[in-house]
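The values are calculated or read from the model by the stated rules, or taken from the named source; none is laboratory data. Just so it is clear, the model here is predicted, and its values are computed rather than measured. All Cβ positions, even for glycine, are placed from backbone atoms using ideal geometry, and neighbour counts span all protein chains on display.
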């Protein structure tokens, strides 16, 4: 008889646990129909803290690289659709982009780690970017995947809390004026 009472108490205990679990699920997991504005409720604000800048497209760009040992000043110049790198310290020239369809040059500064990149826009709307940051003396261009043809470039800068420099987003502008986010 003692064994029967123990089994009945176990069964009743399991039943009570299941009933409280289902009751708690029904009461506490129900979605409220109206959201109350609490003191900590945050509403989205308009983005008035951003600065939009159109990047200047040009046919030549002068850059200076300073390292702990030396300083190198060089210039990118478009000549017959090719991009030529001219070392202004010793006058040496080298072709860094030789497909013959370069239309314009621009630079975008991401601020962190002195990462200012050189961009090439081609006649067919393709975009190429310098693989290495401009604080490095290596120069190699890589094609950036875009869904649209790029006709111009724009940067949106937003101030960051607790940081000295803003966050930077690069956008390509197609001939229709539509924007496309470009990730480097």
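Taken as a whole, the condition of being assigned to a strand (DSSP E or B), at pLDDT 90 or above and either more than 28 Å from the chain's Cα centre (by Cα) or within 27 Å of residue 169 (Cβ to Cβ) (or both) does not apply to residue 72. Against the conditions (1) in contact with a strand residue (DSSP E or B) (Cβ under 8 Å, 6 or more places away or on another chain); (2) surrounded by 14 or more Cβ atoms within 10 Å (Cβ to Cβ), residue 149 satisfies every one except (1).
One line per residue, one yes/no per condition, for (1) in contact with a strand residue (DSSP E or B) (Cβ under 9 Å, 6 or more places away or on another chain); (2) farther than 15 Å from residue 184 by Cα; (3) buried (at least 17 other Cβ atoms within 10 Å of the Cβ); (4) at pLDDT 90 or above:
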site	(1), (2), (3), (4)
89	yes, yes, no, no
100	yes, yes, no, no
105	yes, yes, yes, yes
110	yes, no, yes, no
116	yes, no, no, no
134	yes, no, yes, no
159	yes, yes, no, no
162	no, yes, no, no
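Screening residue 121 on (1) more than 24 Å from residue 146 (Cβ to Cβ); (2) in contact (Cβ under 8 Å) with a residue 60 or more places away in the chain shows it passes everything except condition (1).
Scanning region 164-182 for residues being surrounded by fewer than 17 Cβ atoms within 10 Å (Cβ to Cβ) and either farther than 18 Å from residue 115 by Cβ or free of Cβ contacts under 8 Å to residues at least 12 places away in the same chain (or both) gives a total of 9.
Of all residues being on the phi < 0 side of the Ramachandran plot, surrounded by fewer than 17 Cβ atoms within 10 Å (Cβ to Cβ) and touching a strand residue (DSSP E or B) at 6+ places or on another chain (Cβ under 6 Å) in region 78-87, which is modelled with the lowest pLDDT? Just the residue, please.
Applying the filter and picking the extreme gives 87.
Of the strands (runs of 3 or more DSSP E) lying entirely inside region 79-177, those containing at least 2 residues that are farther than 23 Å from residue 65 by Cα and within 17 Å of the chain's Cα centre (by Cα) span 141-144, 152-158, 167-173.
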